[in-house]
Amino acid sequence: MPEKILNSQIQSLERALERERSARKNAEDLLRQKAMEVYELNERLNVSTERLRLSLWAGNEAVWEWNAREKLFRLYTAITEDEVKIQERGSLKETIRELHPDYQQGFLDTWAAHENQESEYFKYKALRMSKSRGAYRWVSMRGRITKRDEHGKAKHFIGLFRDIHRSELRKETYNTIVSAFLHSTRPGFIVNLKSMHIECNDLCLKIIDVDKTNAKQQDLNAILPIEAVMSAIVQGEIKFPAQIKLLDGSNESVGIYLSEIPDLNQADPHVVAFFSQAPN
């Protein structure tokens, strides 16, 4: 074979090898890039999953899912990169039956309103039977329908389920105390000794002739014997006489009774004072 032809064939083979090496390198670079993308995606997924897990843990929440095709309700109690734990599963009707009878119709009405697109989100609070505790507990359910059929009916729902029993009991206790004070048969007022904010019950506002819908702090501070109360706290006095200065300029003698001597070293001290009017 002539040398010229041989050299030409060699050069042709070298070019083919170079193209092959270049193609292989490009393929390896692309594979490496895709591998990095998958790795970064997994890392982001793991981080997001961990954030979700911590968020659910911090809020004492669980993920709630309902699927129309399977007609199943699921309550996920753990979501990690390795596993998903389902605490409960059952039909929507079975789930509703776990609610206290007083809240079942409200649930159905709220669900129907959301399914009819009358609300952007589903949100409902109810007493629900806890199987582990054998008693009704306050829970909050919120979420939204994520898939609908051609008629607008729900196909898939996802949301959050939260045990709010402790906070509801605290709220109920607070409301009971507030209601008892506001509707007390004795006129009284509360003073926050840090901010010096004053709140009066209904009878107190009626006696000092101040509209409860527009009670101004400067008026309450001018009418009520706040300085006398502060002096009594310093001296450790529970009962003492004082003067109420009414807005019409007249004074009225009253007897003040403190519920207790507050500790002024507390972070947010306050005092509850009741008073009785002197007989005419």
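Assorted remarks:
- Listed residue pairs exceeding 29 Å between alpha carbons, taken from K125/K212; K71/K171; K171/K239; K125/K216; K212/K239; K123/K212: K125/K212; K71/K171; K171/K239; K125/K216; K123/K212
- Shown are D163, D211, whose ranking by accessible area with a 1.4 Å probe and every protein chain present, most to least, is D211, D163.
- Within segment 122-280: Cβ-based charge dipole about Cα centre, in debye rounded to nearest 20 (Lys, Arg +1; Asp, Glu -1): 1800 debye
- Peptide ranges 64-73, 168-177 listed from the most packed, as the mean C-beta count within 10 angstrom indicates: 64-73, 168-177
- Relative pair counts by distance (%), Cα atoms of segment 88-167, 5 Å bins: 3, 14, 25, 27, 17, 9, 4, 1, 0
- From most to least packed by mean Cβ count within 10 Å, the peptides 126-133, 234-241 give 126-133, 234-241.
- Based on Cα atoms of segment 240-280, Rg over Rh with Rh as the Kirkwood radius reads 1.11.
- Counting every C-alpha pair in segment 130-280, the share spaced more than 21 angstrom apart comes to 59%.
- Radius 12 Å from Cβ of D149, net charge of other residues (Lys, Arg +1; Asp, Glu -1): +3
The values are calculated or read from the model by the stated rules, or taken from the named source; none is laboratory data. If you're wondering where the values come from, they're calculated on a predicted model, not measured in any experiment. Every residue, glycine among them, receives a Cβ derived from its backbone with ideal geometry; neighbour counts consider all protein chains shown. What goes into the accessible areas is simple: the full protein's heavy atoms, side chains included, and nothing from ligands, DNA or RNA. Shrake-Rupley method; radii C 1.70, N 1.55, O 1.52, S 1.80 Å.
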